[in-house]
Amino acid sequence: QQQVKQSPQSLIVQKGGISIINCAYENTAFDYFPWYQQFPGKGPALLIAIRPDVSEKKEGRFTISFNKSAKQFSLHIMDSQPGDSATYFCAVLSSNTGKLIFGQGTTLQVKP
Amino acid sequence: ETGVTQTPRHLVMGMTNKKSLKCEQHLGHNAMYWYKQSAKKPLELMFVYSLEERVENNSVPSRFSPECPNSSHLFLHLHTLQPEDSALYLCASSQWTSADEQYFGPGTRLTVT
């Protein structure tokens, strides 16, 4: 069963625009919500993460918004740049199991 | 070398071959993971090792056999694979007490012919 649903599958944004990627999860046992960024030929790299005790976390141009009651969280990339073109994965983790469960990924293309 | 390294980066093998994938982490972590990444699908956790003991085997077929001789090295032994096993195989490591911060290697692109 798919515990994490990510959308959209692909996204094209103009340089300087805002990129928004959404994730929804099904189980309330998760307590860590990371976003990973993957460039072609590279493994995923942790970009930003949030825990459920806060509703928003910002690091530079990247912001996670978290809605615990709706079981949803999203990644916002402000002032998107061509160098942000990559595949983005959301994930959820339960500290009890230590297992990361990933979404299907979103391929972002930022046009110059 | 820094971070997590994987060799080979690319591998083509026939269905009757036996090959091994290697992962090495230089981060002082004590947990290591194998993931499978297929096109249009989420990353799938295959195996987890903590302190060199296997703690997770996610219903992976026996044609995949992991080995963790020490906390820095992880292998994935492959035999009699199927074409649907073609994928990117990713290794990751973390401190077992903070499994949230997993660091990934670049992966091995495996093609089964």
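The values are calculated or read from the model by the stated rules, or taken from the named source; none is laboratory data. Being a predicted model, the structure only gives us computed values, none of them experimental. Cβ atoms come from the backbone with ideal geometry, glycine included; neighbour counts cover every protein chain shown. The protein model used for the area step is the full one, side chains on, heavy atoms only, and it has no ligands, DNA or RNA in it. Shrake-Rupley method; radii C 1.70, N 1.55, O 1.52, S 1.80 Å.
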Here the cysteines of chain B without any disulfide-compatible Cβ partner under 4.7 Å are B:68
At most 13 other Cβ atoms within 10 Å and a DSSP loop assignment: could you name the GluC sites (Glu not before Pro) in region B:1-64 that fit? B:1
Quick check: net charge around residue B:67, other residues with Cβ under 14 Å of its Cβ, Lys/Arg +1 and Asp/Glu -1? +1
Quick check: Cα centre of region B:74-113 to Cα centre of region B:1-25, how many Å? 9 Å
Determine the share of region A:1-107's accessible area contributed by carbon and sulfur atoms, expressed in whole percent, with a 1.4 angstrom probe. 48 percent
Accessible area of chain B belonging to carbon and sulfur atoms, whole % at 1.4 Å probe: 48 percent
Could you go through region B:36-49 in sequence order and give the Karplus-derived ³J(HN,Hα) for each residue, using 6.51 cos²θ - 1.76 cosθ + 1.60 with θ = phi - 60°, rounded to whole Hz, and x for Gly and Pro? 10, 10, 10, 4, 6, 10, x, 4, 10, 6, 9, 9, 10, 10
Length-normalised contact order for region A:1-98 - Cα pairs under 8 Å, 6+ apart - percent: 35 percent
Quote the charge dipole size of the protein assembly as shown about the Cα centre in Debye, to the nearest 20; the model charges only the Cβ of Lys and Arg (+1) and of Asp and Glu (-1). 620 debye
List the residues of region A:47-95 for which accessible area in the full set of protein chains is at least 10 Å² lower than for the chain on its own; 1.4 Å probe, protein heavy atoms only. A:51, A:89, A:93
Once you list every other residue whose beta carbon is under 15 Å from the beta carbon of residue B:78, what net charge do they have if Lys and Arg are +1 and Asp and Glu are -1? +3
Region B:36-86 - share of DSSP beta bridges that are antiparallel (%, nearest 5): 100 percent
Furthest towards positive pole of dipole, B:59, B:17, B:76, structure part region B:1-103, Cβ charges: B:17
Report the charge-dipole magnitude of region A:22-96 in Debye, nearest 20, computed about the Cα centre from +1 at each Lys and Arg Cβ and -1 at each Asp and Glu Cβ. 40 debye
For chain A, alpha-carbon Rg and Dmax in angstrom: 13.4, 44
Lys/Arg +1, Asp/Glu -1 at C-beta; chain A dipole; positive extreme among A:37, A:25, A:60: A:37
Taking a probe of 1.4 Å, how large is the accessible area per residue of the protein assembly as shown, in Å²? 48 Å²
Which pairs, out of A:71/A:99; A:42/A:68; A:5/B:19; A:5/A:68; A:99/B:18; A:5/B:18, put more than 25 Å between their alpha-carbon atoms? A:42/A:68; A:5/B:19; A:99/B:18; A:5/B:18
Non-local residues with an amide H under 5 Å from the amide H of residue B:55, with H modelled 1.01 Å from N and Pro and chain starts lacking one, are B:48, B:49, B:50
Ignoring ligands, DNA and RNA and using a 1.4 Å probe, state the total buried accessible area between A and B in Å², rounded to the nearest 100. 1500 Å²
